[in-house]
Amino acid sequence: MSIASFLPGRLGFGTAPLGNMFRAIPDQEAAATVEAAWDNGIRYFDTAPFYGAGLSEIRLGEALAGRPRAEYVLSTKVGRVILDETEDPSTRDLGEKGGLFEHGRPNKIVNDYSADATLRSIEDSLERLRTDRLDIVWVHDVAQDFYGDQWLAAYETARTGAFRVLQKLRDEGVIKAWGLGVNRVEPLELTLDLDESKPDAFLLAGRYTLLDHERALQRLLPAAREQNVDIVVGGPYSSGVLAGGRHFEYQKAPASIIAKVERIKALASRHGLSIKAAALQFSLAHPAIAAAVPGATRPSRITEDVAALDETVPAAFWTALRTQGLIAKDAPVPTA
């Protein structure tokens with residue numbers, strides 16, 4: 001099923017920050033941010049057990065508990081099982097993403113993409129989210145950034161485990177759709193080539209943004225569109241650096257990235273628009289993209305996202321980006 005057919009709009013809310021990504025946020029601030037999303041008309045919420053070892057799901061479940069379940073779309077992920085026993089969050093091996101959720105819950109996180117773990121993960125998520133059903137389930141982070149040279153082994157476990165379970169649940173109508181949620185293009189290209197499991201969509205974080213989009217343009221997006229596999233863009237602000245933050249790829253942004261952002265920001269200012277509007281609208285301009293799910297930990301950020309979606313971006317701005325080599329020549333841009 002095309003998820004575009006049931007997603008309530010093109011702007012969702014990515015709740016990784018609610019898992020205390022980068023910093024510890026008070027429960028009240030997390031609740032207020034979800035409330036702001038709801039008040040601004042956002043009805044698609046994406047989360048994962050990995051985000052703060054279940055903290056994001058718990059907070060989202062509490063915030064949505066009083067809302068009619070039929071009025072919003074919910075996605076979470078499988079691949080990590082959260083245990084009752086604890087560990088030191090700062091010592092977790094997260095590949096390239098070290099320290100990402102060191103302010104989250106101390107519950108032990110076990111990587112497991114098997115069939116049994118997938119079913120257990122879904123049951124646990126339903127409990128934390130205080131709901132009786134999920135709309136979309138993503139297979140989480142089965143890629144190079146977390147598993148390095150061992151990523152194909154993790155992928156193979158997911159292919160014979162999680163993929164088949166989720167396809168069965170989708171075919172039985174238990175969930176509406178399934179796919180992969182990753183930060184790399186290669187696992188998605190590999191999945192599109194499979195003859196067996198056929199995902200409905202992918203959640204691709206950080207790989208179709210103003211700062212990084214050329215690889216996805218080459219093969220993934222055309223192939224996904226040809227196979228009617230929708231793409232949801234995660235991290236349209238590249239971990240925050242395109243929205244005034246200091247992180248790129250979940251780590252401190254290097255000088256080269258900061259310099260590129262400053263060039264884009266200067267052009268945006270010259271054309272009278274916010275860099276957030278440029279970043280968000282660029283990510284949504286490709287016809288393969290069904291939605292974007294920026295994250296936030298403050299209510300004001302949600303309001304900014306909604307405003308950025310409606311801001312008018314002059315054609316001359318996109319022309320300037322192309323002329324200066326800041327976006328690929330074949331990247332689709334919004335039309336007025």
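Would you tally the residues in region 77-101 being open to solvent by 40 Å² or more (accessible area, probe 1.4 Å) and modelled with pLDDT of 90 or more?
Number of matching residues: 5.
What pairs come out if I take residues in region 102-122 that are without any contact (Cβ under 8 Å) to a residue 24 or more places away in the chain and closer than 17 Å to GLU57 by Cα and pair them with residues that are open to solvent by less than 40 Å² (accessible area, probe 1.4 Å) and in a helix (DSSP H, G or I) whose C-beta lies under 7 Å away, six or more apart or interchain?
Every condition considered, the pairs that remain are GLU102/PRO89.
Do you know which residues across region 128-157 are of a type in the set (Gly, Ala, Ser) and under 21 Å from TYR51 (Cβ atoms)?
Answer for region 128-157, where residues must be of a type in the set (Gly, Ala, Ser) and under 21 Å from TYR51 (Cβ atoms): ALA143, ALA154.
Can you tell me how many residues in region 123-143 are touching a helix residue (DSSP H, G or I) at 6+ places or on another chain (Cβ under 8 Å) and either surrounded by fewer than 17 Cβ atoms within 10 Å (Cβ to Cβ) or in a helix (DSSP H, G or I) (or both)?
So the count comes out to 6.
ILE109: surrounded by 15 or more Cβ atoms within 10 Å (Cβ to Cβ), within 29 Å of THR209 (Cβ to Cβ) and of a type in the set (A, V, I, L, M, F, W, C), yes or no?
yes
Among the residues that make up region 274-283, is at least one of them part of a loop (DSSP other than H, G, I, E, B) and either on the phi < 0 side of the Ramachandran plot or loosely packed, with under 14 Cβ neighbours inside 10 Å (or both)?
Residues of region 274-283 part of a loop (DSSP other than H, G, I, E, B): 274.
Retained after the next criterion (residues that are either on the phi < 0 side of the Ramachandran plot or loosely packed, with under 14 Cβ neighbours inside 10 Å (or both)): 274.
Scanning region 274-283 turns up at least one residue that is part of a loop (DSSP other than H, G, I, E, B) and either on the phi < 0 side of the Ramachandran plot or loosely packed, with under 14 Cβ neighbours inside 10 Å (or both).
Which residues, taken from region 285-311, are surrounded by fewer than 19 Cβ atoms within 10 Å (Cβ to Cβ), free of Cβ contacts under 8 Å to residues at least 60 places away in the same chain and among the hydrophobic types (A, V, I, L, M, F, W, C)?
ALA285, ALA307
Hey, could you check region 144-187 for residues that are of a type in the set (A, V, I, L, M) and touching a strand residue (DSSP E or B) at 6+ places or on another chain (Cβ under 6 Å) and say which is surrounded by the fewest Cβ atoms within 10 Å (Cβ to Cβ)?
For region 144-187, the residue satisfying everything is ILE175.
Among the residues of region 23-62, how many are within 19 Å of the chain's Cα centre (by Cα), of a type in the set (Asp, Glu) and assigned to a helix (DSSP H, G or I)?
1
Does GLY66 qualify as being outside any helix (DSSP H, G or I), over 30 Å from ARG225 (Cβ atoms) and open to solvent by less than 10 Å² (accessible area, probe 1.4 Å)?
no
The values are calculated or read from the model by the stated rules, or taken from the named source; none is laboratory data. No experiment lies behind these values; they were computed from the predicted model shown. Counting neighbours? That spans all protein chains shown, and the Cβs are built from the backbone with ideal geometry, glycine included. Heavy atoms of the whole protein, side chains included, go into the accessibility calculation; ligands, DNA and RNA do not. Shrake-Rupley method; radii C 1.70, N 1.55, O 1.52, S 1.80 Å.
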